[in-house]
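Accompanying notes for the structure given below.
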Amino acid sequence: VRAAVALLVAAGLALPGVASGEDGQGDSLTVLPWSTASLVVSSKDTRAVLQLSDMTDCGLRWTGSVSAPLDSDSRVAAFTNNRELGSGFKATLQIGWDRDAKILAAQAKWVHEVEALVTALTAMPIYAANGRLARFATANKLPSQGDSAVWSWLQKRWTSSHATEGTLSELKESDAATIAAATEAACDGSVAEPPGCLLGQWFTVQEERSKTYPKLLKKIEEMPKDLILPDALLDESKKLSKAELPQLVADHLGEISAYLATLQKEDATARLGAAMVTRPARAHAGHVLLGDVAFSVDTKSVYGGDLSTEATKTIAYDLVLGVDYSYLPTVAGLSVNFRGGMERSRESGAEEVERCETIDSDDPAVSGKDCTDVLFRSGAQPDAETTGYARGAITYQLHGKLNDGEVLPGVELRGGIDGLFGTRVGNGRLSLFATPLKDDTAGRFGLAIDASYAIDRGPMESGTRWTITSLVFVGASFKDLLGKP
Amino acid sequence: MSAAKGCGMSKLKFTLRLPKGSNSPIVLAAGGADGDGNGQIETEKEVEAFKHTAEQGVWVREQEVDAPTQGMLFAVTFTVGAGVPWRLTIDESGGKVLFEGASITVFPTETVSFFL
């Protein structure tokens, strides 16, 4: 589990008095959530965020966060106030399943286990590497056919020396452990290297290999169905039958292992929120399905109907339930994301106005006024309403080798409709961003243009339907800043 | 020119043939010769995996050696399953056969070590 503290510090374009029911990633990019610890400066919002996120090897991904606006004077973000949720409090939870993460983790584990068994079986026994076996064969006039000849020689020797011992007259593999234990004692390190020592080691190796080989066979049977292979092997694998695939894997274990290591490195970078999980050159597309839950509440003092009366406390809230699906094509760096869900919200209905009090003066030629920005609502607070939303986004991030010092540029185009079944508003955003990588830190800076279009509006409403705003964001994620519990 | 005469490098070609195929879902083969002549087969250059060829049941590796090939130690280990007929040949560049051995495996993994 990774813990995160994020600060969103911003200028001007915050939306005071309006509860924000954005999805949990409204602060940044659709498929690149701020994860681990982040410091973000955005021109859209000003808030402190405490975030926890994790992606397990079994494919479970989740991100939870709570946030509150940062007070411009005190620089403090209050999550609670007088045992109530603080004004502008927001909580989000994303939980779901990443099919690729599960496949990748399973195959990486499998490959590492196969590698270990293969290494054990192909390791050169010391008695062969230092020539002791060769000298033994020469001394005993063996025809140099290795283990087969040694075994044949042993059987003959054993048979002749145990000919009168009934069942022990034939040397069997099951006797190997006993013989190994008995002959190992003859290893005294002398230059003469007595045959007993060699045979002890020889039996020990055979015994170890006899145990290792069945493990390898069992492991091969567990070969993942969706093999993740490098490009060069993919075409070759398609020409082979299922029974021939293990040999292909065995012949290219090193390449496959290195490729998986690259993908795992990409996953780690993705967990840092710096790069997308695209797994370039995959045999199949990736799928990530998440559920979104977001809740925000905003408590503000609002003047209702008359600016001369006392301001009253108005609570606005927003609850969002939705699904989030990412499709990861085989094109490196490309991701397509779809979101949809329902939103239950109640807005304050207030707008920011300038409230001025006249300052008395004895001289009629002199007057003054004391003005402050306040929230004002002409009528009653709007009723809560239930609406839907549908959003789509396509993101491309140029992928490098994810090494320190690399900068990964990207672009995202998103669009959608909010207020379905109610007052519909079309939204769009074009973002250009770049992510520099350094050790366990991933920075991100970008520029975005937001456009919204009022699809529905009342007969009395006039003016342009379009609203265009800009957004800049700068931030960084720090891996394991708060450690791993 | 042959390294056996002490005149520079020569290339060895190791060929493992399984005329009746293997008794294992995968075949592993690795090894080589004491190319530097230090009495040990221990470096990555000396111990290398064999590669499967287009020819069915044939695995090969090539090795450049600095030391004279005559009397050179070599060792090859291969996992093909038990009861599998095998043939190992070691040729020097030029086609001269330096070693040829054949047998049937007793254990799933076989090790052959001898002098050229």
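Summary of computed values
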read-out	value
Backbone HN-Hα couplings from phi across the range A:239-256 [Karplus 6.51/-1.76/1.60, Hz, Gly and Pro as x]	7, 9, 7, 4, 5, 8, 4, x, 5, 4, 5, 4, 5, 10, 4, x, 5, 5
Proxy reagent accessibility, fewest Cβ within 10 Å first, across A:TRP151, A:TRP97, B:TRP59	A:TRP97, A:TRP151, B:TRP59
Inter-chain Cβ neighbour average for residues B:45-51, partner chain, 10 Å	2
Inter-probe distance in nm under a simple model that places probes 7 Å from Cα toward Cβ, at A:VAL472 and A:LEU307	3.3
The range A:341-429 shape via C-alpha gyration tensor axes, a/c threshold 1.5	oblate
A:LEU229 long-range amide H proximity, modeled H, under 5 Å	A:ALA283
Model label zone, A:GLN264; criterion: amide N under 14 Å from point 7 Å along Cα-to-beta-carbon; scope the range A:218-254	A:254
Rule-of-thumb Rg ratio for the range A:341-383 [Cα; 2.2 N^0.38 Å; N residues]	1.94
Sorted by Cβ neighbour density within 10 Å, fewest at the top, the residues A:ILE95, A:ILE315, B:ILE90	A:ILE95, A:ILE315, B:ILE90
Within 10 Å of each Cβ in B:71-80, the average number of Cβ atoms from other chains	5
Two-site label geometry, A:ARG344 and B:ASP66: point separation in nm, points 7 Å out along Cα→Cβ	7.9
Using θ = phi - 60° and Karplus 6.51 cos²θ - 1.76 cosθ + 1.60, couplings along the range A:358-374 (whole Hz; Gly, Pro as x)	6, 9, 4, 8, 6, 8, x, 7, 10, 9, x, 8, 10, 10, 9, 7, 9
Shielding by partners - mean other protein chain Cβ count within 10 Å, residues of A:231-242	0
Where labels lie 7 Å past Cα in the beta-carbon direction, separation of A:VAL411 and B:ALA102 in nm	6.6
Exposure proxy order (Cβ contacts within 10 Å, fewest to most) of B:MET9, A:MET223, A:MET124	B:MET9, A:MET223, A:MET124
Contact order normalised by residue count of chain B, Cα under 8 Å, 6+ apart, percent	33
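Read-outs: derived from the displayed coordinates by stated rules, not from any lab. The shown structure was predicted, so the numbers you read here are calculated from the model rather than taken from an experiment. A quick note on method: Cβ atoms are made from the backbone with ideal geometry, for glycine too, and the neighbour counts reach across all protein chains shown.
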